[in-house]
1. Could you please find all residues in the range 251-273 being out of contact with any helix residue (DSSP H, G or I) (no Cβ under 8 Å at 6 or more places or on another chain) and in contact (Cβ under 8 Å) with a residue 24 or more places away in the chain?
2. Can you find even one residue in the range 44-62 that is within 16 Å of the chain's Cα centre (by Cα), within 14 Å of ligand 1 (Cβ to nearest atom) and of a type outside the set (A, V, I, L, M, F, W, C)?
3. Could you run through the range 25-51 and say how many residues are touching a helix residue (DSSP H, G or I) at 6+ places or on another chain (Cβ under 7 Å) and in contact (Cβ under 8 Å) with a residue 60 or more places away in the chain?
4. Hey, could you check the range 103-157 for residues that are within 15 Å of ligand 2 (Cβ to nearest atom) and among the charged types (D, E, K, R) and say which is nearest to residue 2 (Cα to Cα)?
5. Output the residues belonging to the range 196-249 that are of a type in the set (Asp, Glu) and either assigned to a helix (DSSP H, G or I) or within 9 Å of ligand 2 (Cβ to nearest atom) (or both).
6. Name the single residue, out of those in the range 65-101 being within 15 Å of ligand 1 (Cβ to nearest atom), without any contact (Cβ under 8 Å) to a residue 40 or more places away in the chain and not β-branched (Val, Ile, Thr), that is surrounded by the most Cβ atoms within 10 Å (Cβ to Cβ).
7. In the range 316-359, which residues are touching a strand residue (DSSP E or B) at 6+ places or on another chain (Cβ under 7 Å) and either of a type in the set (Ser, Thr, Tyr) or away from ligand 1 (no atom under 15 Å from the Cβ) (or both)?
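Derivation of every value follows stated rules applied to the coordinates shown; laboratory data play no part. Remember, predicted model here, so these are calculated numbers, not experimental data. Ideal geometry is used to build each Cβ from the backbone, glycine not excepted, and the neighbour counts take in all protein chains shown.
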Amino acid sequence: MRTYLVTGGAGFIGSNYIHYMFRKYDNEIRIINVDALTYAGNLENLADIENRDNYTFVKANICDREAIDKIFAENDIDRVVHFAAESHVDRSIVNPEIFVQTNVLGTATMLNAAKKAWELPDGTFKEGKKFLHVSTDEVYGSLPEDGGYFYETTPYAPHSPYSASKAGSDMLVRAYMDTYKFPANITNCSNNYGPYQFPEKLIPLTINNALAGKKLPIYGDGKNVRDWLYVDDHAKAIDMVQEKGKLFETYNVGGHNEKQNIEIVKTIIEVLREELSDDDPRKAHVTEDLITYVEDRKGHDRRYAIAPDKIKAEIGWEPETMFKEGIRKTIKWFFENEEWMKNVTSGDYQKYYEGMYSKKLS
Ligand code: NAD
Ligand code: DAU
């Protein structure tokens, strides 16, 4: 049975990936999920699979070399899927150092531990071992409004401390592949959305605020463009890259689904109104009147757009979920999981929200 070590599996994409993998492979695989459970990690995301015999959770920090080495020593790991990271651009602008620690040094620890466990005396690696580093399109910087795409060959030009730290981690993975022929791949994906996304990011924050009748903060002129992908499509791409991709290659993942932020927020309001029943009192306040333009994000990248030509041609991956369908599924999930939202927005989230938005919205 193949054993996966997933880092950051209690976060948004990691937990969706674990669900996807159990749906697809059921008892044919074993998953060990290592996560430090930062503010973004939530075991509630995995409550329905936590009792599976082929699933283990280990609470550890990826920067903790001893803890990570121990996992490799005690388990014959076949695949690493490395999600764990500090992931929110706005937090990186306020507190960049933790991004360098987790994203750069944590990735170095993971690479080193896997190399130690998998390397043979002649410097080659045990058959079939693979490391997949999950990265972002933000490493490529910003595109002009009127054209162009990010290709795998686009030079790196990160702007935020978050994207700079992810670029640093990508460079380390590239260095391991070039120097040691370390068996790895990198995926650079566009903006994800879907169930379990923490409401610091645009889509769940907008859903949560709209339902509560709170203002919907839009940075700058609202015309920044992101290329949105339903999270299950990302999970599928990661699995396909590990199964069908060529080792040492980078694959861009995205769905040709470019939208301005203002379009995203208006679509959410429209779909929320369609899904709320007429006698639901929230329907009266879920309107475009909540939209509030606020001070722009510092260094705000104008446009991201992925060219997914390589992953389509070499691997046959294509996104399956159209945006309107994905947003509807996401909104329905949030309706059915109000308790989840209540739990993640209590306590520290309130402090974060006030710190980030109270001045902007006043
Ligand atoms: P997230 O913030 O929702 O989850 C991150 C997870 O990592 C959490 O469970 C957290 O507890 C864990 N973690 C953080 N620091 C850790 C540490 N030091 N040790 C162990 N665990 C730690 O992030 P996400 O949105 O799910 O993103 C996952 C990965 O995908 C990240 O590497 C991110 O850069 C990348 N990515 C995200 C997107 C997106 O749109 N969200 C798009 C492309 C790539
Ligand atoms: O492109 C992939 C990246 O997408 C990932 O690597 C990151 O981990 C992920 O957080 C995401 O980064 P963004 O900065 O693009 O996502 P966010 O949801 O924070 O913002 C999306 C857009 O919406 C961006 O242009 C900023 C804007 N925005 C965001 C928030 C939170 C607002 O206008 N108002 C808001 O309150």
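1. 256, 258, 260, 262, listed by residue number.
2. yes
3. Residues flagged as touching a helix residue (DSSP H, G or I) at 6+ places or on another chain (Cβ under 7 Å) and in contact (Cβ under 8 Å) with a residue 60 or more places away in the chain within the range 25-51 amount to 4.
4. 137
5. 200, 227, 232, 233, 239, 243
6. The qualifying residue surrounded by the most Cβ atoms within 10 Å (Cβ to Cβ) is 67.
7. Listed by number, the residues that qualify are 321, 330, 357.
Quick grid of which residues meet (1) within 16 Å of ligand 1 (Cβ to nearest atom); (2) of a type in the set (Gly, Ala, Ser); (3) surrounded by fewer than 24 Cβ atoms within 10 Å (Cβ to Cβ); (4) over 17 Å from residue 89 (Cα atoms):
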{"residue": "146", "(1), (2), (3), (4)": "no, no, yes, yes"}
{"residue": "176", "(1), (2), (3), (4)": "no, no, yes, yes"}
{"residue": "220", "(1), (2), (3), (4)": "no, yes, yes, no"}
{"residue": "239", "(1), (2), (3), (4)": "yes, no, yes, yes"}
